[in-house]
Each structure stands twice: as structure tokens, then as C-alpha cells.
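Asker: My questions will all concern the structure given below.
Just so you know, all these numbers are worked out from the coordinates, no wet-lab data involved. Owing to the predicted nature of the structure, the values given are computational and were not obtained by experimental measurement. Ideal geometry is used to build each Cβ from the backbone, glycine not excepted, and the neighbour counts take in all protein chains shown.
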Amino acid sequence: MSVIILGIESSCDDTSAAVIRDGVLLSNVIASQQVHAEFGGVVPELASRAHQQNIVPVVDTALKRAGVAREELSAIGFTRGPGLLGSLLVGTSFAKGMSLGLRIPIVDVNHLHGHVLSHFIRRNEDDRVPEYPFICLLVSGGNSQIILVRNYNDMEILGQTIDDAAGEAFDKCAKVMGLPYPGGPHIDRLAAEGDPKRFRFAKPHIPGLDYSFSGLKTSFLYTLRDEIRKNPDFIEQNKADLAASLQRTIIEILMDKLDKAVRQTGVTTVAIGGGVSANSGVRDAVADYCSRRGLTAFIPERVFTTDNAAMVAIAAYYKYLDRQFCRYDEVPYARVKV
Ligand code: KG4
């Protein structure tokens, strides 16, 4: 009999539902919340309210697009954390209620595991998936981690940021340039037309596999301040070069530690995940690096880089196969490590 999982994701500002049958994706619906744009960041209370409005139609659409009746579902997977508690509560409560009504189990998913396991989402049965062990560079607005993935439930953080995440570096520097939030995609777009060698910004010198991005942020800010003093139109006149140089620096920082991790572990497969893995430069750099070193690269489809329920459904699928269900008295958590 087929295993059909409904996945629900509501950890931040995207309400998403997805259906997978035996590991193959049937539907993935994402409702992104526009309500936060004018505030320059996600407003938690508005996010929970929007999830409440979106969750029923989003789940309904996911089931319809999949051509699956709710009675056919084997289990419901949901993001239990980390994320915004109010947002997580909406998805968690919905999953519990629906599972009680249908008398099927619920499976809780760690959002970060979901990002890592997004490479196991198959659109067709013969799509390739990574072989364990592999390294995943998880880079988002809240995380910058190098993870050694031994199995779907066995992940070790080899290195992580000691201050800001890579996404924050993109967003905060973009803000200094007067770009809208989130700035990462704007930097990506501008960088395509700029000279990446035009400006030099500080890079961290910390031992091991940990990251740091706060020094780069300060160096970017000071460079701009100095230049604006001499020429008030400096940013406007140099937007593309600034974006390209910033992006190059972030990529160099990311790749330096990723290379160290690959050498240390001797793995032959490298994957990337999280919002920043949508960045064209990051994707090219990882693909290039892997092809030069004869490694297998897994670069996710862009729709699976940001928050989505397909990754929750696939993570829940593996737990379901191992009968790892969630109790009804389990509650969401805001913070956790991988
Ligand atoms: O994984 P994600 O959706 O959620 C958080 O963990 O917050 O990641 C969002 C982050 C933001 O910092 C955003 O600017 C960044 O991913 N991002 C990008 C790009 N697309 C999204 N950064 C650089 N280039 C992009 N194309």
C-alpha cells in the first residue's frame, strides 16, 4: 500500500502544504505573506494571523492538486520548530486536529532537517538523491551551518556562525544600500551586472569550521560611510559593483570553510540548502567547486531553497517509515540545534 504524507510548514512567514506519495512529490502549495513588506521584516503577530487565514485553503489546494482525498492520507507531518512560536502553533494545532479527525498519526519535523532533506524530494521515481554521508551547507536568514549528514536522523554540525547568518549579511548590507527587505535577492540581481573585484571588504580569520559575518557587515558599512562623505551619490553610482563585491566576499567566506570540511571528512557529495542557496553566485561556486574536485553536487530547485512543505513531507516520510510518531502533548519549540 502507498504511503501518502501531507506536510505542513508554518514556521515563519510562508504557509505551505504538500503531498507526497511513496517519496514522490504530488503537490506543493506556498502562500507567502505580503503583509510584512512595509515593516522591513517579519512581524510575528501578523504572521500567526495570516497563517490562520491561509492554512485551510492551502491544505485544501494541496490535496486537490495532488488528487488525494484526505481519507487516503497515511500521516501528517508538520514543522514543530525552530521558528516563531505563534506561527508554529498554527501549523501544529492544525495538524493535531486534522489527525484526530482522520485517526492517523502526526510526525513532527525539525525545520532544519527539512532543509537538509529537501534533496530527497523526488518529482519522478527515478530522480537521483544524495547518498549518505554527505555535507550540507545550510545557509539562510537565521543559520549558516556546515552539517555532516550520516542519515536522515543523524546529523552533526561541524561548523556554524558565531554571530550573524549569511542571509543576515546579505539583508543588512542591502539595507545600508537602501534596498528593500529581504535584500538578498536584490543583491543577487544587481551583482549580475557588477564587477566583483571592485571593492574589498574584511573577511574573518577564525579557526576551525565556524563562520562569522559581523566583521564583513561593519566593513561594508564603514566603506560606504567614508565614500558617501566624499560623494553623496556613491551608492547610486556604484550599486552593481558594491553588490557584486559583497556577494563575492560572502561566497569566498562560505567556500573557504566548506572546502576545509570536505577535506577533513573526505565526503564525496556536497549539498546546499536554505534561502541563501537560491543565490546564483553561491550555486555556481558550489557547482564549480564540486566539478573541479570530482565531487557530486546537489543544488536544490529554487522553490525548495526557501520555506516549503515538500521538505517537511519528505522528512516526515522517513520518520513515518520508522514509526517515529509525535505525541499529542508535544508542543512547538522556538529554538533548537540540528
Ligand atoms: O531559509 P529562508 O527562507 O528563511 C530564513 O531562515 O529566514 O532564508 C531567507 C534568507 C534571507 O536572508 C534572504 O535574503 C536570503 O535567504 N535569500 C537570498 C536569495 N534569496 C533569498 N540571499 C541571496 N541571494 C538570493 N537570491
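Asker: Among K175/K239; K172/K203; K203/K239; K175/K217; K197/K239; K217/K239, which pairs are too far apart, with a Cα-Cα distance over 18 Å? Don't jump to the answer; show the numbers that get you there.
Answerer: Details: K175/K239 12 Å; K172/K203 16 Å; K203/K239 21 Å; K175/K217 11 Å; K197/K239 14 Å; K217/K239 16 Å.
From K175/K239; K172/K203; K203/K239; K175/K217; K197/K239; K217/K239, over 18 Å: K203/K239.
Asker: Tell me, what is the FRET efficiency for E236 and R263 to the nearest 0.05, using R0 = 45 angstrom and their Cβ-Cβ distance as r?
Answerer: Working: r = 42 Å, r/R0 = 0.94.
According to the calculation, E is roughly 0.60.
Asker: By DSSP, what percent of the beta bridges with both residues in region 1-132 are antiparallel, rounded to the nearest 5? The partial results should precede the final answer.
Answerer: Details: 14 of 24 bridges.
Bridges in region 1-132 that DSSP calls antiparallel: roughly 60 percent.
Asker: Rounded to the nearest 5, what % of DSSP beta bridges with both residues in the chain are antiparallel? Display every interim value, and only then the final one.
Answerer: On the way: 26 of 44 bridges.
The antiparallel fraction comes to roughly 60 percent.
Asker: Continuing with this model, one more query. Taking a spot 7 Å from the Cα of D256 along the direction of its beta carbon, which residues of region 158-201 have an amide N less than 13 Å from it?
Answerer: Hits in region 158-201 for D256 at 13 Å: 201.
Asker: Could you tell me the convex hull volume per residue, in Å³, taken over the Cα atoms of region 134-302? Intermediate values should be presented prior to the final figure.
Answerer: On the way: hull volume 18.0 nm³, N = 169.
Measuring per residue, one finds 107 Å³ for the Cα hull of region 134-302.
Asker: Show the residues, 5+ positions off or on another chain, whose built amide H is closer than 5 Å to the amide H of L26.
Answerer: Placed amide hydrogens put V19, I20, R21 under 5 Å from L26.
Asker: Using helices alone, I'd like the mean residue ellipticity at 222 nm for the chain: each DSSP H run of four-plus residues gives -39500 (n - 2.57), total over residue count, nearest 500.
Answerer: That calculation yields -14000 deg cm²/dmol at 222 nm.
Asker: A further question on this structure: Using only the alpha-carbon atoms, how far is helix 85-102 inclined from the longest principal axis of the chain? Give it as 0 to 90 degrees, nearest 10.
Answerer: Approximately 20 degrees, to the nearest ten.
Asker: Across the chain, where is the longest run that never hits GluC sites (Glu not before Pro) in a DSSP loop with at most 15 other C-beta atoms within 10 Å?
Answerer: Details: sites that count: E125, E131, E193, E301, E330.
By the stated rule (loop sites, at most 15 other Cβ atoms within 10 Å), 1-124.
Asker: Taking the number of other C-beta atoms within 10 Å as the exposure measure, put S32, S140, S16 in order starting with the fewest.
Answerer: Ascending Cβ contact count within 10 Å gives the list S32, S140, S16.
Asker: When DSSP assigns beta bridges and you keep just the ones with both residues in region 134-302, what percent turn out antiparallel, to the nearest 5? Spell out each step's value before the answer.
Answerer: Numbers: 12 of 20 bridges.
Counting DSSP beta bridges with both partners in region 134-302, the antiparallel share is about 60 percent.
Asker: Now a separate question. Considering amide H positions built from the backbone, and no H for Pro or chain starts, which residues 5 or more places from I272, or on another chain, come under 5 Å of its amide H?
Answerer: Distant-sequence amide H within range of I272: L137, F298.
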